[in-house]
2 protein chains.
Amino acid sequence: AGDVAAGKQKARQCQTCHGLDGVAKIAEAPNLAGQNEHYLVKALGDYRSGARKNEMMSVIAPNLSDQDIADLAAYYAAIEVTVGKRP
Amino acid sequence: AGDVAAGKQKARQCQTCHGLDGVAKIAEAPNLAGQNEHYLVKALGDYRSGARKNEMMSVIAPNLSDQDIADLAAYYAAIEVTVGKRP
């Protein structure tokens, strides 16, 4: 399973685009705060294997271990998010 | 540009997995509430073109028009989300 504290350290390499708070800093990047942990693990795995491609992620993800992926997913999923009003 | 009200109607086909509130109802699906509009348009376009593949989305997305994609992205991006405490 992922280690949230370890994930927080590892998220430093993600913060330029995704923020440490999980709120995207660039228009192309998704918000990750409170995202579904299972989905994040799948997405990072797909970027690492090449099943999913992105200019940035295809360069970063291949360096991630299974533990890195689990920790990063656990961290971003653990950020509290409250869903408010719907349009 | 996307029409949020139209997107809300069209989101009925998404709610089983993503919820009308944008909170994922199945572990494999991502939360969409308050997601980055630009990212959602890109993701739906990639599922439609096949640049990105998923069991469900690869069946649904090819039926979406550019306006459908813009409306759905506008709707889910417009759902208010507050990011709270970080671990």
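The values are calculated or read from the model by the stated rules, or taken from the named source; none is laboratory data. Model, not experiment: these values are computed from the prediction. Cβ placement follows ideal geometry from the backbone for every residue including glycine, while neighbour counts extend to all protein chains displayed. Protein only, heavy atoms only, side chains kept; ligands, DNA and RNA dropped before computing areas. Shrake-Rupley method; radii C 1.70, N 1.55, O 1.52, S 1.80 Å.
Observations on the structure shown:
- Criterion violated by A:A43 - all others in (1) more than 7 Å from chain B (Cβ to nearest Cβ); (2) in contact with a strand residue (DSSP E or B) (Cβ under 8 Å, 6 or more places away or on another chain); (3) of a type in the set (G, A, S) satisfied: (2)
- Within the stretch B:52-80, the set of residues being outside any helix (DSSP H, G or I) and crowded, with 20+ Cβ neighbours inside 10 Å comprises B:R52, B:I79.
- Pair list, Cβ < 7 Å and 6+ apart or interchain, from the stretch B:68-87 residues that are at the interface with chain A (Cβ under 7 Å from one of its Cβ atoms) to residues that are assigned to a helix (DSSP H, G or I) and open to solvent by less than 30 Å² (accessible area, probe 1.4 Å): B:Y75/B:G7; B:Y75/B:A11; B:P87/A:Y75
- Check on A:A51, among the small types (G, A, S) and farther than 21 Å from B:K25 by Cα: yes
- If the condition is being farther than 21 Å from B:A29 by Cβ, more than 7 Å from every other protein chain (Cβ to nearest Cβ) and open to solvent by 50 Å² or more (accessible area, probe 1.4 Å), then the stretch A:6-40 contributes A:Q9, A:K10, A:R12, A:Q13, A:Q15, A:T16, A:K25, A:I26.
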